[in-house]
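Here's the structure, in structure tokens; my notes come after.
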Amino acid sequence: MSGKILIPILGDQLSIDISALEGEDPDQYVLLMMELSEETAYVRHHKAKIAYIFSAMRHHAKALEARGWSVDYIAWSDPENSGSFWGEVARALERHSIGSIRITEAGEWRVMAMIENWEQKFGIPVTICPDDRFVATHQDFADWAEGKKQLRMEYFYREMRRKTGLLLDEDGNPEGGEWNYDTANRKPAKGDLEIPQPIRFRPDEITLDVLALVAEQFADHPGSLEQFHFAVTHEEAMRQKRQFLDEALPRFGDYQDAMLSGQPFLWHSILSPYINSGLLDPLDLCREVEQRYHDGEVPLNAAEGFIRQIIGWREYMRGIYWREGPDYVDRNFLEAQRPLPDFYYSGDTDMHCLAEAIGQTLDLAYAHHIQRLMITGNFALIAGLQPQAVHQWYLEIYADAYEWVELPNTLGMSQFADGGIIASKPYASSGNYINKMSDYCQHCRYDVKQRVGDDACPFNALYWDFLDRNQEKLGENHRLAMPYRTWEGMDPNSRDEIRNQAKNFLDQLS
Ligand code: FAD
Ligand code: DLZ
Ligand code: SF4
């Protein structure tokens, strides 16, 4: 084949050894990186997310050039920039003498569908390389799922432990005798604990340029740039990783589900944007966590809890995404139809838990898992918000959000819109759970102990009303047998009061 090989590198393929490049001789290749309106506009991404991706892309192009690769970088302001992957690949074929295209598979159905068309459209061979930054191949997941009635994460996770050997003893048994130490990971946190803070990286010239560009071009997108704090290079991401391993990991397990006012990060790693865009390798990270355990620096419940998030939940979500297909996004098992209230974009609500989770999200493009699941997600679920609108919000608003990981988390785990493929019961709760795991209720104008009346915590009536509204679909779920018994044991007047309370609240929400 005459001519050079064109290798497009997508915005979440910022790994120096991405599979399309492996073992290749730089002289024969042209790498193409593109800042595109198509990618910034398919949803209205948080400003800080766009700034992070553009800055990390620009830095990554330099890192590739320093290794001898020739990178054709199409900046946002390039007057010829067509704004689409298709348009930019077409222009690159005109600029360079290209005989074929190589690309690492894209992370989502939308972009894969485009790439699969290129061979026919451009009339040259296109090789799509598997993305080897994951532990499980598509085939591994398909083999594991084959013939199973239920695809529970826990059993998939054990397969991944066996495949990687992580936290297994010499006989192949789990360290400490148990596969999962989740029950040790549910401590509420108190404000008097010393909480580590992630590094705030000072923007360099490249990042400052990008911040100015985003402020001007994406002024109508949600979120703020004022607290932009992200690492934008592999080296910076490695510094954040070390800070996490040294300071936060030892307590990661204990306080994994805790929430505190004014403390957005607690003992979480804040590494997901870097893992998902390629600046950090997930398996290397897990091996370091395992080493810290073997060195006696972190307890087993922390090491296992962290490793489970990555080789368990993260890999499992990807497996479900590709297995369920491009129409997974349309599922709406509970037929929820309510539009997203405006406060998801302003944080302007007197429900303190939501104001905290949404406020910090708008400031930082970050919230930790239990805020996403049990505050914003739980509210959306029990208020009956339309799952596709909820999905769009999560995809826009978090710096780590790419459809392959965001969609199964939102639609499946959080909104139960897939009818229980991911979650064995909906993650619905009243204010009681929030009160147990946080200090939010102490700062709220509502009273978490009340179900009805002007001061009653809205989560309480909404929770019971959710069960009542969905009894036909959820009544047979044996994991909900107890709450349904409690509901049915309430006297009819109390149930009517709760229904009215929820109705009044939902009416004013719309
Ligand atoms: P830590 O608590 O430090 O966890 C360590 C790592 O484990 C994370 O960096 C992440 O890579 C991985 N991880 C943990 N939980 C999950 C999970 N459920 N699925 C996949 N990976 C996980 N995660 C994303 O990466 N992108 C998303 O778009 C995303 N959307 C979510 C939407 C909803 C409704 C919910 C409930 C969860 C979502 N998550 C998503 C999972 C999780 O909330 C984030 O990975 C986590 O909050 C990132 O912060 P952290 O790096 O501090 O995580
Ligand atoms: C998310 C995103 C954004 C906002 N911008 C770009 C971009 O300008 N150029 C690019 O190559 N990638 C971007 N991305 C990430 C892509 O959307 C991501 O690579 C695909 O979702 C993968 O399927
Ligand atoms: Fe949230 Fe209710 Fe607690 Fe207020 S009282 S913080 S609305 S759970």
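The values are calculated or read from the model by the stated rules, or taken from the named source; none is laboratory data. This is a predicted model, so every value here is computed, not measured. Here the Cβ is made from the backbone with ideal geometry for all residues, glycine too, and neighbour counts use every protein chain on show. The protein model used for the area step is the full one, side chains on, heavy atoms only, and it has no ligands, DNA or RNA in it. Shrake-Rupley method; radii C 1.70, N 1.55, O 1.52, S 1.80 Å.
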By the mean-Cβ-within-10 Å protection proxy, highest first, 341-354, 196-209 rank as 341-354, 196-209
What is the dipole size for the chain, taken about its Cα centre, with +1 at each Lys and Arg Cβ and -1 at each Asp and Glu Cβ, in debye to the nearest 20? 980 debye
Extension gain from residue 486 to residue 348, taking 0.36 nm per residue of separation minus the Cα-Cα distance: 46.3 nm
Protection proxy ranking, peptides 404-414, 366-376, 440-450, 293-303, average beta carbon neighbours within 10 Å, highest first: 404-414, 366-376, 293-303, 440-450
Please give the net charge around residue 236, taking every other residue with its beta carbon less than 12 angstrom from that of residue 236, where Lys and Arg add +1 and Asp and Glu add -1. +3
Which lysines, if any, have their Cα less than 30 Å from the Cα of residue 62, not counting same-chain residues under 8 positions apart? 4, 47, 49, 241
Where only protein heavy atoms count, and the probe is 1.4 Å, what is the accessible area per residue for the chain in Å²? 42 Å²
For residue 503, the aspartates and glutamates lying under 20 Å Cα to Cα, once residues fewer than eight places off in the same chain are dropped, come out as 335, 342, 350, 447, 454, 455, 465, 468, 472, 488, 491
Say each of residue 291 and residue 473 gets a label point 7 Å from the Cα, pointing the same way as Cα to Cβ; how far apart are those two points in nm? 4.7 nm
Partner aspartates and glutamates whose C-alpha sits under 20 Å from that of residue 149, ignoring same-chain residues fewer than 8 away, are 140, 159, 315, 324, 418, 476
Treat every Asp and Glu Cβ in segment 397-490 as -1 and every Lys and Arg Cβ as +1, leave all other atoms uncharged, and give the resulting dipole magnitude about the Cα centre to the nearest 20 debye. 340 debye
Which peptide among 477-487, 38-48 comes first, and what is the full order, when sorted by highest mean count of other Cβ atoms within 10 Å? 38-48, 477-487
Please turn the phi angles of segment 174-184 into ³J(HN,Hα) values with the Karplus equation 6.51 cos²θ - 1.76 cosθ + 1.60 (θ = phi - 60°), one per residue in order, whole Hz, x for glycine and proline. x, 3, x, x, 10, 7, 9, 10, 4, 5, 7
Pop out the carbon and sulfur fraction of the accessible area of the chain as a percent, whole number, probe 1.4 Å. 46 percent
If each K or R counts +1 and each D or E counts -1, the residues other than residue 259 whose Cβ falls under 14 Å of its Cβ total +1
Measuring from label point to label point, each 7 Å out along Cα→Cβ, what is the residue 499 to residue 169 span in nm? 5.7 nm
For the chain, the charge dipole (Cβ of Lys, Arg +1; Cβ of Asp, Glu -1; about the Cα centre) points to a positive end, and the Cα of 339, 498, 320 closest to that extreme belongs to 498
What is the calculated FRET efficiency for residue 155 to residue 283, with r their C-beta to C-beta distance and R₀ = 22 Å, to the nearest 0.05? 0.65
